[in-house]
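The values are calculated or read from the model by the stated rules, or taken from the named source; none is laboratory data. Owing to the predicted nature of the structure, the values given are computational and were not obtained by experimental measurement. Cβ placement follows ideal geometry from the backbone for every residue including glycine, while neighbour counts extend to all protein chains displayed. Keep in mind that these areas ignore ligands, DNA and RNA; they rest on the heavy atoms of the full protein, side chains included. Shrake-Rupley method; radii C 1.70, N 1.55, O 1.52, S 1.80 Å.
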Amino acid sequence: MSKIRIAIAGVGNCASSLLQGLEYYRNHSAEQLAGLMHPSIDGWGVTDVEVVAAFDVDRRKVGLPVEKAIFAKPNCTKVFQRALPVSDVLVEMGPVLDGVPAHMEDYPEDQAFRVSEAEPVDVARRLRETGAEVLVCYLPVGSEQAVRYYAEACLAAKVGMVNCVPVFIASDPAWAARFREAGVPIVGDDIKSQVGATITHRALTRLFGDRGVKLDRTYQLNVGGNTDFLNMLERSRLQSKKKSKTESVQSQLDSRLEDAAIHIGPSDYVPWHNDKKVAFIRMEGRGFGDVPMELELRLSVEDSPNSAGVVIDALRCVKVGLDRGIGGPLEAPSSYYMKSPPLQVRDSVAHDLTNAFIGGASPNVPRDKVVGRKPAAVAATRATRREGGQPRSALILAAGLGSRLFPRATLPKPLAPIQGITLAERVIGTLRRSAGVERFVVSLGHEAETVRAHFQSVAARNGVAVEFVQADDWAKGNGASTLAAAEALGDEPFLLSMCDHLYDDELPARLLEAPLPADGMALACDFAKDEIMDLDDVMKVKAAGGRIAAIAKTLGDWDCADTGVMACTPAIFEALSEAAAEGRHGLADGVAVLAARDRASIVDVTGCWWVDVDTPEAVQVAEQRASTDELRAAG
């Protein structure tokens with residue numbers, strides 16, 4: 001097998017431990033792999049990693065071979081593998097930007113950074129020239145500009161990223177969207193150690209909750225002697241670190257603590273500690289009968305090896321993302337390996353989701369597993385769209401009973417198979433393939449939990465994100481099912497599809513090519529009336545100059561049929577609310593409200609294949625069509 005080619009930004013203690021570990025495990029048998037969470041990830045072993053580029057700003061490291069630079073001052077981590085293979089990789093000068101705080105000059109050279117006078121290289125160009133596949137970002141806390149520079153370089157060079165520092169990239173909606181658009185995977189932000197202060201504090205916090213103990217207040221104080229702790233003496237650089245560690249612990253609580261009741265963060269720099277980090281955790285709570293209890297814990301670890309044991313997993317997961325063609329934040333590995341991932345989940349859940357991803361499942365975290373504050377990743381999917389305003393999200397209406405198709409069965413309609421592939425999977429596959437949809441919101445009603453479980457499996461197989469909304473009044477009509485998704489879809493345009501309508505790839509593609517009326521919607525319509533099945537039940541549309549003049553199943557004078565696929569702005573929710581206030585709960589009722597305001601356009605998709613799978617006859621037509629590969633949803 002070939003090697004995973006990595007670049008390192010910041011040749012400090014953490015990089016030293018990582019590189020030592022690569023050689024250490026090369027010299028140990030499979031039975032001696034203590035310290036590894038995953039000896040193999042999708043076939044990639046620990047020794048299948050090679051460094052092809054390295055960047056730093058310290059004059060004692062720039063220009064040195066990387067295997068020597070990792071032992072240069074001010075590095076002070078434990079040396080557990082002195083002998084390293086000779087390489088031709090020299091540490092190159094990166095941009096300083098905000099990576100070195102001014103107070104470093106006040107400390108001895110052996111403890112602090114000393115900036116090189118060399119000219120910075122073009123990092124993106126060097127990533128391309130060296131063939132790097134994954135960049136591991138080890139820059140100092142507070143290096144906001146510098147981390148963003150390296151993130152830009154990764155995007156430009158199409159290089160995956162592991163962001164080990166609390167500068168929010170993977171968990172920032174705008175950055176997440178850019179990595180997704182570029183097809184570049186990222187795991188971030190802010191690495192969790194194998195058994196460090198944060199993961200221990202999270203576990204104890206969850207233990208309190210699971211055992212019924214009410215946590216009233218807690219703190220975590222940390223001291224250390226490496227450059228990380230020296231860097232953080234500049235309190236202005238601490239904001240993102242405190243936020244990252246605090247929110248990581250808060251996310252494990254069923255109810256957040258008030259800000260005054262929780263304090264987590266680095267506390268002081270003790271030079272003689274070197275790379276040893278000592279954490280003090282105190283928790284005060286109340287158990288049975290409101291009787292007080294207190295817990296105090298002291299944890300002492302070598303900081304950098306504790307981190308390297310996680311980074312070695314994270315970078316291999318990014319490589320797997322590259323191999324599988326996945327762009328954007330890898331949610332499951334990020335939730336397991338990082339303090340500030342796009343989505344916070346319980347650590348046991350993160351462990352299982354990461355193992356599932358390694359085994360071939362989607363990297364996405366099911367939204368019903370999310371804990372803590374509303375995740376940034378959800379905001380990211382809502383806040384992103386393609387050039388031209390085309391939607392990235394799709395709403396699937398899967399709440400109905402399907403009584404006409406299965407009058408004597410209890411199988412939910414979305415699970416109805418068409419040549420072995422369910423309606424649910426076919427619709428998701430078509431929209432993913434033809435419209436590039438990556439995020440699906442599914443409106444549930446009848447047999448909600450059964451349908452939810454199936455869609456989760458479908459999403460995992462197809463590598464997409466799926467969220468669910470419960471339409472409690474779904475029986476009133478599909479307008480009620482649509483309205484239930486208003487909050488989930490936010491203020492961006494989206495595609496809407498009936499779950500029981502199948503169609504070819506061309507149909508949604510044509511819909512996306514047409515302009516979407518401001519504060520309105522566009523409906524895909526078929527003018528070939530003679531070829532439409534089940535005319536009595538079809539939703540009929542009267543056209544007038546490319547706009548919808550009227551829409552209803554009972555129209556006598558009509559021009560075209562509603563195919564069950566449309567592009568919408570959030571204005572549809574306001575229109576549905578108005579119709580519901582008058583006792584009308586169909587989706588067509590909301591469309592009619594917009595049509596009355598001249599904000600509902602028609603997109604002619606005549607010639608495209610589609611069918612409303614609502615009768616046994618329609619199933620036969622769909623089965624015949626599905627005998628080709630045109631509707632295969634597995635992508």
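If each Cα of segment 45-183 is one equal point scatterer, what is log10 of I(q)/I(0) from the Debye formula at q = 0.13, 0.17 Å⁻¹?
Result of the Debye calculation: -0.61, -1.04.
For segment 197-302, take the alpha-carbon Rg, divide it by the Kirkwood Rh, and send me Rg/Rh.
Dividing the radius of gyration by the Kirkwood radius yields 1.01.
Relative contact order, percent, of the chain when contacts are C-alpha pairs under 8 Å separated by at least 6 residues?
So the answer I get is 11 percent.
How about segment 552-599: which GluC sites (Glu not before Pro) there lie in a loop by DSSP and see at most 13 other Cβ atoms within 10 Å?
582
Tell me which GluC sites (Glu not before Pro) from segment 250-297 have a DSSP coil assignment and no more than 16 other beta carbons within 10 Å of their own.
In loop regions of segment 250-297 (DSSP not H, G, I, E or B), the sparsely surrounded GluC sites (Glu not before Pro) are 258.
Excluding residues fewer than 8 places away in the same chain, name every one of the aspartates and glutamates whose C-alpha is closer than 13 Å to that of residue 241.
144, 189, 190, 228
In debye, nearest 20, what is the charge dipole magnitude of the chain about its Cα centre with +1 on Lys and Arg Cβ and -1 on Asp and Glu Cβ, if you could check?
The calculation lands at about 1440 debye.
In the structure displayed, which of 245/319; 61/277; 192/242 lie more than 21 Å apart, Cα to Cα?
Beyond 21 Å between Cα atoms: 245/319; 61/277.
Return the long-range amide H neighbours of residue 553 (sequence gap of 5 or more, or a different chain), with a cut-off of under 5 Å between placed amide H atoms.
The list, which skips near neighbours in sequence, is 540.
Counting only protein heavy atoms and a 1.4 Å probe, tell me what percentage of segment 197-302's accessible area is made up of carbon and sulfur.
That share works out to 52 percent.
Check cross-link reach from residue 540 to the aspartates and glutamates: straight Cα distance under 18 Å, and skip same-chain residues fewer than eight apart.
Straight-line reach from residue 540, under 18 Å: 500, 526, 530, 531, 557, 559, 562, 589, 598, 604, 612, 614.
Sort by residue number and report every cysteine in the chain with no other cysteine beta carbon within a distance under 4.7 Å.
Those would be 14, 76, 137, 154, 164, 317, 499, 568, 608, since no other cysteine Cβ in the chain comes under 4.7 Å of theirs.
Would you kindly calculate the translational diffusion coefficient of segment 393-629, applying Stokes-Einstein with the Kirkwood radius from alpha carbon pairs, for 10 °C and a viscosity of 1.306 mPa s, and quote it in µm² s⁻¹ without decimals?
Answer from the Stokes-Einstein relation: 90 µm²/s.
Do any of 214/413; 158/339; 158/276; 68/276 go past 32 Å between their Cα atoms, and which?
Listed pairs above 32 Å: 214/413; 158/276.
So for segment 544-635, what are the equivalent ellipsoid semi-axes in whole Å, largest first, each being the square root of 5 times an eigenvalue of the Cα gyration tensor?
Taking √(5λ) for each eigenvalue gives 29, 15, 14 Å, largest first.
Can you tell me, using C-alpha contacts under 8 Å and at least 6 residues apart, the relative contact order of segment 197-302 as a whole percent?
It comes to 38 percent, rounded to a whole number.
Measuring with a 1.4 Å probe in the full set of protein chains, what accessible area per residue, in whole Å², belongs to segment 393-629?
Using a 1.4 Å probe on heavy atoms only, each residue of segment 393-629 averages 39 Å².
Residue 597 versus residue 323, label points 7 Å from Cα toward the beta carbon: distance in nm?
5.1
Ignoring ligands, DNA and RNA, what accessible area per residue does segment 1-146 give at 1.4 Å, in Å²?
Result: 43 Å² per residue.
Tell me which lysines have Cα within less than 29 Å of residue 542's Cα, excluding those fewer than 8 residues away on the same chain?
476, 529, 553
So what's the net charge close to residue 112: Lys and Arg +1, Asp and Glu -1, counting the other residues with Cβ under 13 Å from its Cβ?
-3
Run the simple label-point estimate for residue 527 and residue 109 please: 7 Å along Cα→C-beta, distance reported in nm.
8.1
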